[in-house]
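First the structure, in the form of C-alpha cells, and then the observations on it.
Every read-out reported here was derived from the displayed coordinates using simple, explicitly stated rules and does not represent laboratory data. This structure is a prediction, so every number in the text was calculated from the model and none was measured. Counting neighbours? That spans all protein chains shown, and the Cβs are built from the backbone with ideal geometry, glycine included.
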Amino acid sequence: MINSRGGKDGSRNFNFKRMKRNRATVIYSVDRFDRIISVNREWVQVAYEYELEQLFTDRIIGQNLWRYLAKGVTQDLYRMVMERIRKTGEDVAFELRCDLPEKRRLYRLSMSLGDESSIIFRVDPVEFENRPEQEFFRSIVLGGKSELVNMCSWCCRFKGQDGSWLEVEDFVALTPGTMSSDSTRISHSMCGDCYHRLTETSAR
Ligand SMILES: [Zn+2]
C-alpha cells in the first residue's frame, strides 16, 4: 500500500475521497514483442486532454512499449512482471500515483495475459483528492542544467536532503530554495517503499 495513505514513516495521512464512478479506465495492450497494438477511447481522450502528441493513436500503435518507460529500475520491474505474467498466466496489479499540481490521484494498474502472449494493461482510477495547487510542479523542466531532484515515478514523492521520500508539500517546506528556482530538473526514480511493494507483488 502506498505510504502516503498513512505510512509507517510518519508521512502525511491523506484522506482520499472516493471518486466519481464515471472516471475513465484506460486500457492498452502489447503483443508478444511488446509492441503497442491497441489503445481504448479513454487513452485517446487523455492524450488529447493533456496535448501529449506523442501518445496520439497514429503515433503510438506499433511502437515499442519500452520507448515510453523510464530506463533502469522501472523498465526492470515491468520486464520482470511481464515475464511472470507470460509464464504463469496470472494477473498482476498494483497501485500507483499520478498527481497533478492541484490533485492527488491514485490509480490501480492491472496487467493480464491476452491471446498469443499479448499483455493487457488496465489503469483504473481509485481515489482522487483536490489540494491547493502546488506551484513547485510548474517549475519542473526536462533537461537543462538546473537543480536535479529525484522523484519516485510510482508514488510521486520527492527525495529530501536527508534521503527520506516526501509528499510534495513536505518536500517544498523542508527543502530550502525549491520555490526560488524557476526550473527544476526531475530524475524519475523509485523509492525503497515502492520497490519493495512492487517486487513483493510480482514475486507472489
Ligand atoms: Zn515511491
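In this simple spin-label model, placing a label point 7 Å from the Cα along the Cα-to-Cβ direction at both Ser38 and Tyr68 gives a separation of 1.5 nm.
Simple rule: put +1 on each Lys or Arg Cβ and -1 on each Asp or Glu Cβ in segment 69-203, find the dipole, and look at Thr74, Gly163, Phe128; the Cα lying farthest toward the positive end is Thr74. With the simple spin-label model, which puts each label point 7 Å out from Cα in the Cβ direction, the Asp91 to Arg59 separation comes to 3.2 nm.
Per-residue extension of 0.36 nm, minus the Cα-Cα distance of Leu174 and Leu100, leaves a gain of 24.6 nm for this segment. Charge tally around Glu133: other residues with Cβ under 11 Å, Lys/Arg +1 each, Asp/Glu -1 each, net +1. The label-point distance for Glu83 and Gln45, in a model that sets each label 7 Å from Cα toward Cβ, rounds to 3.7 nm.
If R0 is 22 Å, the Cβ-Cβ spacing of Ser164 and Arg131 corresponds to a FRET efficiency of close to 0.60. Residues within the reach of a label modelled at Arg23 (point 7 angstrom out along Cα to beta-carbon, backbone nitrogen below 19 Å), restricted to segment 95-114, are 95-111.
Alpha-carbon geometry of segment 34-188: the Rg and the Dmax are 17.4, 53 Å, given in that order. The distance separating the Cα centre of segment 147-180 from that of segment 30-90 comes to 28 Å.
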